[in-house]
Every structure is written in C-alpha cells, then in structure tokens.
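First the structure, in the form of structure tokens, and then the observations on it.
The values are calculated or read from the model by the stated rules, or taken from the named source; none is laboratory data. If you're wondering where the values come from, they're calculated on a predicted model, not measured in any experiment. Here the Cβ positions follow ideal geometry from the backbone for every residue, glycine too, while neighbour counts run over all protein chains shown. These accessible areas exclude ligands, DNA and RNA; they are computed on the full protein's heavy atoms, side chains included. Shrake-Rupley method; radii C 1.70, N 1.55, O 1.52, S 1.80 Å.
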Amino acid sequence: MFKKVTKSLAVLSAVSAFFVSCAFAEPIVIKFSHVVALDTPKGQAAEFFKKRGEELTQGKVKIEVYANSSLYKDKEEMEALQLGAVQMLAPSLAKFGPLGAKEFEVFDLPFIFNDYNDLHKVTKGPAGQMLLAKLEPMGIKGLAYWDNGFKSFSANTPIKTPDDLKAKKLRIQSSKVLEEQMRALKAIPQTMAFSEVYQALQTGVVDGTENPVSNFYTQKMNEVQKYMTITDHGYLGYAVIVNKKFWEELPADVRGQLETAMKEATDFANKIAKDKNDQDLEAVKATGKTTVTVLTPAERAVWRKALIPVHEKMASRIGKDTMDAVYQAVGFTK
Ligand code: LMR
C-alpha cells in the first residue's frame, strides 16, 4: 500500500514537473540585427518576420530585431553571427566578400540587371540557390533574398556624366567590385560602415556616395547631398542568413514554422521594395534639399559604357561559374 502511494506520488510529481517546465519554458531567442532604418524594405520585412515568426511558433520563439546598427555595425554583425552572439542578419549582398564569399559580388556588377524581373531570375532561381549554398562551409545558412533597389549617385556638385565624379571621394560598401566601379569613374573609393555615412558626408570626409533612394532618404542624406542623379547603375539587396548550427539544432516543428514566416516575409519584402523606393524618391524631391536629375536613355548609355569594363576586370575574382550562371539567367549581353 505504502509502496503504491509512493509510486503514484512520484508519477504525479513527474507529471506536474513536466507541465511546470512547459509553462515556464524559456522561449528560444532570435536576435536579428540590421543596419537600416525601420521604414525601409528591409526594416519592414524584419518586423514582419518577427510578428509572423512569433505568431506561428506560439510563444516558443522570441524574435528581437535591432535596427539601425543599434546592436552591431556592418563588419561586427558578420563576426557576431559566426560567433553565435546574434542568430540572424540580412546584410547587403555587397558585404559577403570579406567573409570569403567573393562570388556574391556578382550582384554588384554595374548594369547586370535591367530591372527587378532580371534580378528575380537569379534570386528566385538556381543561380541564387547555388550562391547561398556557398555560405555553408562558413557556418552560415542562407534562407532568402530580400529586395531593396537600384542605386543612384549623389554628391554636392551636379552629376550628369561619369566625368562629374572624377577625383571625388565616394563612399562604398566593402565590395571589390564597387571599388573597381569607382575607379572606372576615376573616383576615389572609400569603404565605410553604413552607420558612418551621414556624418562622413556632412563633414566632407567623403564627397558623395551611391544608394537606393530608400536608404538615401531614411538616413536623411538629402540634408547633406545637394545633387542626386537617377543612374540605376547597380543593384543593392540582401541575403537573409542565420547561424547554421543554431538553425539546424532548432526543433523541427519550430524550424518549419520559421521557414513559413520567412517565406511570407520574403514575399512581403519583395512586394514593397519598389514602391518604397518610388515613394522615397518623391519624398526626397519634396524636401527641396537635393536636386534630382533623371537621365535620358542616351545619357544613361554613357554611364553604361564607362562601367561595363568592370565586368571583365572582376571576372576572375567573382569566378567563371558564377558569372556564367548569372549571365545566363538574365540573358546578359555587353
Ligand atoms: C549600405 O551599407 O549602404 C547598405 O548595405 C545598407 C543596407 O543594409 O541597405
């Protein structure tokens, strides 16, 4: 009898311990760090992912989004991801070179994509998947591509032809293709973290830069750049990445729910990116602080001619396989 009671008590306490531990189980925390403002395609998509990820995992996962370089700047966030200090990032495709994934700089080649449609032939196709797979040996898993937009040049002097940027100090992201692009314009490239660009423009450490309009406007660069020319000479967008070990060790059901949330966030990002850039262009014009120039097709062709040699110069860095895969996907011809 005594033995029976002890046994039932033991079972009872094991069952209640199980329920207590479920009720008080700590959620899995995903720290998602990025460098842009909230009101940008990436900023909005990260918030969307947080909301949907937490909903679908029903409290099992807490997603903390740190916007605007509030946790880490560009270079530090890559290191933090590999060390496991953050779990998720969405760096621009121009920032994978220093990690050793030089192939990603194919996205930085001037005039490689005519429009978003061309871009999606890569990001939604086998070439995009092949590139994400290259991150795995670095302890990183690529989950998705999120769109931003096409870049324009800005400075404090008018920009109409490539010669107008000659000898100007121009801020770039950490990509050798972008460095070569600026050299093709006879400008002086200066690699700099995104969080430092406004001040560098304000103090004259650099004379100008290149951005999709959404980044230009949300960082208030219109306050410190008098001229912007819509060149659409190159693309800037993102790969959403996670620490591979962290991702693979998630319970399978949770990982599946997060994959669904990521898919929805990706559709959302890619749906809003163009509109956001278009709206921000109108907003820049409305500030009256930056004069916006739109090029005629003939004027734009002059930029293309000046920048196309960058492809050949950077082919060995990017690698033949990657160049061929992307050229083929978009049907690129010089
Ligand atoms: C930049 O550094 O200009 C961009 O990569 C910032 C961003 O994440 O869009």
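The table for this structure:
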item: Radius 12 Å from Cβ of GLU249, net charge of other residues (Lys, Arg +1; Asp, Glu -1); result: +3
item: Neighbourhood charge, 12 Å Cβ-Cβ cut-off, centred on ASN215 and excluding it, Lys, Arg +1 and Asp, Glu -1; result: +2
item: Amide H contacts of GLY149 (H built 1.01 Å from N, under 5 Å, at least 5 apart or other chain); result: LEU236
item: Dipole magnitude of the chain about its Cα centre (Cβ charges: Lys, Arg +1; Asp, Glu -1), debye to nearest 20; result: 400
item: Residue among VAL122, LEU132, TYR227 farthest towards the positive dipole end of the chain, charges placed on Cβ; result: LEU132
item: Contact order relative to length of region 21-330, as percent, for alpha carbon pairs under 8 angstrom and 6 or more apart; result: 27
item: Fraction of accessible area attributable to carbon and sulfur, the chain (%, probe 1.4 Å); result: 56
item: DSSP bridge orientation in region 21-330 - percent antiparallel, rounded to nearest 5; result: 50
item: Set LYS151/LYS289; LYS73/LYS271; LYS141/LYS276; LYS50/LYS276; LYS102/LYS166; LYS50/LYS263 screened for pairs whose C-alpha atoms are more than 24 Å apart; result: LYS73/LYS271; LYS141/LYS276; LYS102/LYS166
item: Cα point-scatterer Debye curve for the chain, base-10 log of I(q)/I(0) at q = 0.08, 0.11 Å⁻¹; result: -0.41, -0.70
item: Contour excess over end-to-end distance, with Cα ends at SER195 and LYS73 and 0.36 nm allotted per residue; result: 43.2 nm
item: Residue-count net charge about ALA193 - beta-carbon cut-off 9 Å; Lys, Arg +1, Asp, Glu -1; result: -1
item: Charge dipole (region 21-330, unit charges on Cβ, about Cα centre) - positive-most of PRO27, PRO91, VAL205; result: VAL205
item: J(HN,Hα) series, region 192-199, from Karplus relation 6.51 cos²θ - 1.76 cosθ + 1.60, nearest Hz, glycine and proline x; result: 7, 5, 4, 5, 9, 5, 4, 5
item: Taking region 209-334 and dividing mean pair separation by its residue count, relative contact order in percent (alpha carbons under 8 Å, at least six apart); result: 44
item: Solvent-accessible heavy-atom area per residue, rounded to whole Å², over region 43-156 at 1.4 Å; result: 37
item: Within straight-line cross-link reach of LYS220, aspartates and glutamates at Cα separation under 13 Å, skipping those fewer than 8 residues along the same chain; result: ASP39, GLU196, ASP280
item: Top positive-direction residue, dipole computed over region 21-330 with Cβ charges, set ASN148, LEU38, ALA167; result: ALA167
item: Filter on LYS134/LYS186; LYS244/LYS320; LYS168/LYS305 - keep pairs with C-alpha separation over 25 Å; result: LYS134/LYS186; LYS244/LYS320
